[in-house]
Amino acid sequence: MRLDRSAIQTTRIETIATATLAVETSGEGFFEITREAVRFLDQVKARDGALTLFIRHTSASLVIQENADPDVRTDLVTALSRLAPADAGWVHDVEGPDDMPAHVKSMLNGVSLHVPVSGGRMMLGTWQGIYVAEHRSQPHRREVVLQFTGSCVGE
């Protein structure tokens, strides 16, 4: 096996910029927020650093996934439903049969992401996008905290 690494780049942390993004979901599925993250980085004039995203909920999650073929997202919903089916005999069902499965799916995916930023652009792969994964069957308003830490143009 051969491992190559790029040259090391350093930057001074000069800025911490934070905003909250409201995401209206239409029920279970994946809702892309890549454009909104790019817009946030443009607004703060991000140069080099890191973008952290954090969703303020326990029944939805954040993922980086393929954004080219929508069938991938359909299959991911199916896979998560197999891992945490609504009819598994859950004890916690305060908000309905999809309540506990949503918590399990959120735990599996996670509630935060960390994306490197270089030259003002997220260093996502060619087919990667950032998504809110809604695990409840009903529409919800989800809040995602965006925080850029690093240097900005003009600093």
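The values are calculated or read from the model by the stated rules, or taken from the named source; none is laboratory data. Keep in mind it's a predicted model, so treat the numbers as computed, not measured. No Cβ is skipped: glycine too gets one built from the backbone with ideal geometry, and neighbour counts run over all protein chains shown.
All but one of (1) modelled with pLDDT of 95 or more; (2) among the aliphatic types (A, V, I, L, M); (3) under 22 Å from Arg141 (Cα atoms) hold for Ala86; state the number of the condition that does not hold.
(1)
Output the number of residues of region 106-126 satisfying the condition of being assigned to a helix (DSSP H, G or I) and within 20 Å of Val145 (Cβ to Cβ).
3
Exactly one of these conditions fails for Ala79: (1) of a type in the set (A, V, I, L, M); (2) more than 15 Å from Tyr131 (Cα to Cα); (3) outside any helix (DSSP H, G or I). Give me its number.
With (1) of a type in the set (A, V, I, L, M); (2) more than 15 Å from Tyr131 (Cα to Cα); (3) outside any helix (DSSP H, G or I) applied to Ala79, the lone miss is (3).
Which count do you get for residues in region 10-61 that are exposed (fewer than 15 other Cβ atoms within 10 Å of the Cβ), in a loop (DSSP other than H, G, I, E, B) and at pLDDT 95 or above? I'd like the intermediate steps shown before the answer.
Of region 10-61, the ones exposed (fewer than 15 other Cβ atoms within 10 Å of the Cβ) are 10-14, 16, 18-20, 22, 24, 26-27, 35, 39, 42-43, 56, 58.
Right, trim to in a loop (DSSP other than H, G, I, E, B) and you get 10-14, 26-27, 56, 58.
Add one more test, that the residue is at pLDDT 95 or above, and what stays is 26-27, 56, 58.
Selection size over region 10-61: 4.
Scanning region 87-111 for residues that are farther than 15 Å from Gly29 by Cα and in contact with a Pro (Cβ under 9 Å, 6 or more places away or on another chain), which turns out surrounded by the fewest Cβ atoms within 10 Å (Cβ to Cβ)?
Asp87
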